[in-house]
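To start, the structure under review is shown below, and the notes come after it.
The values are calculated or read from the model by the stated rules, or taken from the named source; none is laboratory data. Model, not experiment: these values are computed from the prediction. Every residue, glycine as well, gets a Cβ built from its backbone with ideal geometry; the counts of neighbours run over all protein chains shown.
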Amino acid sequence: MGADFRFKNENLYKKWYGKTFLNKSLHEKSVYGLPELNRDEIRRTQIIGNPGCYATSVELALLPLLSENLIEEDGIIADCKSGITGSGKELTESSHFVNCNENFTAYKVANHRHTPEIEETLSNSFKKNVKLTFVPHLLPINRGILSTIYATPKKALSLEEVHEKYSQFYKNENFIKMLPLGEVSKISGVRLSNYCHISLHYDDDNNKLIVISCLDNMMKGSAGQGIQNMNIALGFSEKEGLTTLPAVF
């Protein structure tokens, strides 16, 4: 569940986490645990690096676009908002109740550890040099992530055509829901579930494709995805244990 096996580049891991690989051979065998990207590899491995919560929301929003070579790889902007649980369990000033209640603030601006995770994963997967500006924000709610992604199209496509490409890319996925055009993803739609909801929008004046993804950072962004990966690795139904609404806060 930690970040130890999310990276293939040791220098990148050392720069952002201040640690080196303790056993490089294990990292060579490990697989980045995003089922929608690496399902077949997850089936064959014994070591899975469960992705970060923000990373999951941003990567799921971008996979179809990069797979089809539809957007410029640099200049991507990821504007993300998370509930308090998304900032970790350590006691910090930003997560202290009196500072986060009735407040909304950015944190770790241009310095969040999920930035290199996203860039490395997408760059390696699609043999591109993916670069993005990522700014996380803290919402005064318990759980949930909403990521708004801005990207520049490489060629003219209607929003209907882009939506169809997303629908085809995710047509066999158990936990990805493409919302109809005109609808907007919202945190309340995914709370307590392992689903990621994605909506598509286009800014015609500025030629920007806007993708909004929502997930529960403690489910699809963490433990739920861990269970999904375990199910795949052990040959169980991918949905095992993930379709019942849990009794949690």
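Among the residues of the range 155-181, those identified as under 12 Å from E36 (Cβ atoms) and in a loop (DSSP other than H, G, I, E, B) are Y170, K171, N172, E173, N174, F175.
Every residue in the range 4-19 that is surrounded by fewer than 19 Cβ atoms within 10 Å (Cβ to Cβ), in contact with a helix residue (DSSP H, G or I) (Cβ under 9 Å, 6 or more places away or on another chain) and under 26 Å from L66 (Cβ atoms), please.
Scanning the range 4-19 gives D4, K8, N9, E10, L12, K15, W16.
Does L22 meet the test of being on the phi < 0 side of the Ramachandran plot, surrounded by fewer than 23 Cβ atoms within 10 Å (Cβ to Cβ) and assigned to a loop (DSSP other than H, G, I, E, B)? So L22 fits the description; yes.
Pairs are defined by a Cβ separation below 6 Å, a sequence spacing of at least 6 or placement on different chains, a first member in the range 187-201 that is assigned to a loop (DSSP other than H, G, I, E, B), and a second member that is among the basic types (K, R); the pairs so defined are N194/K220; Y195/K177. Apart from one condition, N231 fits all of (1) in contact with a Ser or Thr (Cβ under 7 Å, 6 or more places away or on another chain); (2) within 23 Å of E72 (Cβ to Cβ); (3) without any contact (Cβ under 8 Å) to a residue 12 or more places away in the chain; the exception is (2). Restricted to the range 43-70, and to residues there that are part of a helix (DSSP H, G or I) and of a type in the set (G, A, S), the residue that is farthest from L132 (Cα to Cα) is S67. If you go through the range 25-42 and keep only what is assigned to a helix (DSSP H, G or I) and surrounded by 14 or more Cβ atoms within 10 Å (Cβ to Cβ), you end up with H27, P35, E36, L37, N38, R39, E41, I42.
Determine, yes or no, whether Y13 is over 30 Å from H96 (Cα atoms) and aromatic (F, W, Y). Answer is no for this residue.
Listed here are the residues, each with its yes/no results for (1) surrounded by 21 or more Cβ atoms within 10 Å (Cβ to Cβ); (2) farther than 29 Å from G2 by Cβ; (3) at pLDDT 95 or above.
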site: S167; (1), (2), (3): no, yes, yes
site: L181; (1), (2), (3): no, yes, yes
site: V184; (1), (2), (3): no, yes, yes
site: H197; (1), (2), (3): yes, no, yes
site: D204; (1), (2), (3): no, yes, no
site: D216; (1), (2), (3): yes, no, yes
site: N231; (1), (2), (3): no, no, yes
site: G235; (1), (2), (3): no, no, yes
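For the range 231-241, residues that are hydrophobic (A, V, I, L, M, F, W, C) and either assigned to a loop (DSSP other than H, G, I, E, B) or touching a Phe, Trp or Tyr at 6+ places or on another chain (Cβ under 8 Å) (or both) total 1.
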